[in-house]
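Right, one structure below, let's go through it.
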Amino acid sequence: MSEKHRFMTLGRHIDEGEREHPEATGDFSGLLSDLAIAVKMIWREVSKAGLIEILGATDRQNDCGDEVKKLDEFANETIYRAMDHGGHLCVMASEESHGLISIPDKYPKGKYVLVYDPIDGSSNIDANVSIGSIFGIYRRITESGPGTEADCLQPGYKLAASAYVIYGSSTIFVYCTGDGVHGFTLDPSVGEFLLSHENMRIPDRGKTYSVNEGNYGKWADGMRSYVNYLKGTDGSGRRPYSSRYIGSLVADFHRNLLHGGIFMYPGDSTNPDGKLRLVYECAPLAHIVEHAGGKASDGIRRILDIVPKAVHQRTPFFIGSGEDVSEAEEFIQGRRNH
Ligand code: P6P
């Protein structure tokens, strides 16, 4: 890493990015900085989750039918409170909120939209497995006033920024504003995210695949053929891939982004659209992986081209190294069977 970047904080990186865009008003940088503060507050609770009464479940299910953990609720509230008064946003949408999240009347409405999964993989927190947060930021398409559903249902190629945080052995904030993908590792001793992964690029092909093979019996033939091909059990005699599945989307994605590979959550006979959510999980990660040289599709269409019809809409999801995702598409589409 260059000397200049040895102590590059997330805040400075955001500001330098703004200076490279003379038309920038500081609004976007302010939004990203507010988000970084919210993430640090979530990290503080996640890092103590085993020590204080924030583990366990609430008595609620979210709109996706998932059991709401206390940490989900805390993270959702923390992001909302950090972001609702800065004047950068006109509306928000979250996995943990049934409808749209309005900006209170007393606060100014901004020109951006925030869609987010506050804590993804929270069922893993009591097992001390890495979990994550996922964010997407759009420019509003309505003129003024409170944002609407149309502002939240934009295709992913219109994302102005995307980010994820992985709360693991270290906490890393990875973001993309269209000018490369950059990772910052939290130094708890100073409370700053420091640049640790500059210009992240995913290898064109990996050696690992991530999928819940417990669903094998429910998959379509193309999906089964592809996984058999990866495992070398299709008689091709090729060198098999290794299976790596944490069961925490951000953790599986982050590993594949660093080392190459493919993550898959396909549709199946009981859930034709799979489990993962297009707007606030798949599209932001697809934005990141494409800017890192990778690929993301639903098996047929580019994720970023899909126009959402509903905030909590699910989609089959194939994301990672470009050559691996393209190969998966050949099998899924029946253009190849070994
Ligand atoms: P399964 C966690 O609950 C999550 O939403 C993602 O983080 C993860 O990739 C997926 O679900 C795991 O789902 O059905 O394999 O347990």
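Return the FRET efficiency for the residue pair Ser326, Ile141: r is the Cβ-Cβ distance, R0 is 41 Å, and the value is rounded to the nearest 0.05. Let's see the in-between values first.
On the way: r = 31 Å, r/R0 = 0.77.
E between Ser326 and Ile141, to the nearest 0.05, is 0.85.
By the gyration tensor of its Cα atoms, with a ≥ b ≥ c the square roots of the eigenvalues, what is the shape of segment 251-331: rounded for a/c under 1.5, prolate for a/b over b/c, or oblate?
Details: a/c = 1.65, a/b = 1.35, b/c = 1.23.
Since a/c reaches 1.5 and a/b is larger than b/c, the shape of segment 251-331 is classed as prolate.
Quick one: with all protein chains in place, what share of the accessible area of the chain is carbon or sulfur, to the nearest percent (1.4 Å probe)?
Numbers: 6920 of 14330 Å².
About 48 percent, which is the carbon plus sulfur part of the accessible surface.
Please calculate how many Å² of accessible area segment 177-253 carries per residue, with a 1.4 Å probe and no DNA, RNA or ligand atoms counted. Show your work: numbers first, answer last.
Values: 3590 Å² over 77 residues.
Value for segment 177-253: 47 Å² per residue.
To the nearest 10 square angstrom, what accessible area does Ile332 show with a 1.4 Å probe?
Accessible surface of Ile332 is approximately 60 Å².
Which value, in debye to the nearest 20, gives the size of the charge dipole of segment 293-338 about its Cα centre, when Lys and Arg are +1 and Asp and Glu are -1 at the Cβ?
Working: 7 positive and 7 negative charges, 51 e Å.
It works out to roughly 240 debye.
Show me 249-262, 231-244, 117-130, 137-150 ranked by packing, highest mean number of other Cβ atoms within 10 Å first. Show your work: numbers first, answer last.
Details: 249-262: 23.9, 231-244: 12.6, 117-130: 20.4, 137-150: 15.8.
Descending mean neighbour count gives 249-262, 117-130, 137-150, 231-244.
If you place +1 on the Cβ of every Lys and Arg and -1 on the Cβ of every Asp and Glu, how big does the dipole about the Cα centre of the chain come out, in debye to the nearest 20? Each step should come with its number before you reach the end.
Working: 36 positive and 47 negative charges, 152 e Å.
The calculated dipole for the chain is roughly 740 debye.
Once amide H atoms are built 1.01 Å from N in the peptide plane, which residues 5 or more positions from Ser196, or in another chain, come under 5 Å H to H?
Those qualifying (amide H under 5 Å, at least 5 residues apart or on another chain) are Gly183, Phe184, Thr185.
Can you tell me the FRET efficiency between Met41 and Lys231 if r is taken as the Cβ-Cβ distance and R0 is 41 Å, rounded to the nearest 0.05?
Numbers: r = 43 Å, r/R0 = 1.04.
The computed FRET efficiency comes out at 0.45.
Give, in nm to one decimal, the length gained when the segment between Lys158 and Arg224 is fully stretched (0.36 nm per residue of separation minus the Cα-Cα distance). All intermediate terms of the calculation are to be shown ahead of the outcome.
On the way: separation 66, 0.36 × 66 = 23.76 nm, distance 3.33 nm.
Once the chain is fully extended between Lys158 and Arg224, it gains 20.4 nm.
Can you give the extra length, in nm with one decimal, that the chain gains between Arg201 and Asn337 once fully stretched, where that is 0.36 nm per residue apart less the Cα-Cα distance? Mind dumping the intermediate values first?
Numbers: separation 136, 0.36 × 136 = 48.96 nm, distance 2.96 nm.
So the extension gain works out to 46.0 nm.
Pick out which of His88, His98, His291 has the largest mean-square fluctuation in a Gaussian network model of the chain, springs linking Cα atoms closer than 10 Å.
Top of the fluctuation ranking is His98.
Just want the answer: with Cβ charges of +1 for Lys and Arg and -1 for Asp and Glu, which residue in Pro284, Cys152, Asn256 is farthest toward the dipole's positive end in the chain?
After comparing all options, I get Asn256.
Where a ≥ b ≥ c are the square roots of the eigenvalues of the C-alpha gyration tensor, would you call segment 3-197 rounded, which needs a/c under 1.5, or, failing that, prolate if a/b is larger than b/c, or oblate?
On the way: a/c = 1.93, a/b = 1.09, b/c = 1.76.
It comes out oblate by the Cα gyration axes.
For the chain, with the dipole built from +1 on Lys and Arg beta-carbon atoms and -1 on Asp and Glu ones, taken about the Cα centre, which of Phe28, Gly322, Met41 lies farthest toward the positive end?
Toward the positive end, the furthest listed residue is Gly322.
The values are calculated or read from the model by the stated rules, or taken from the named source; none is laboratory data. Treat the numbers as computed from the prediction; the structure is a model and nothing was measured. Note that we place each Cβ from the backbone using ideal geometry, even for glycine, and neighbour counts take in every protein chain shown. The accessibility values were calculated without ligands, DNA or RNA, using every heavy atom of the protein model including side chains. Shrake-Rupley method; radii C 1.70, N 1.55, O 1.52, S 1.80 Å.
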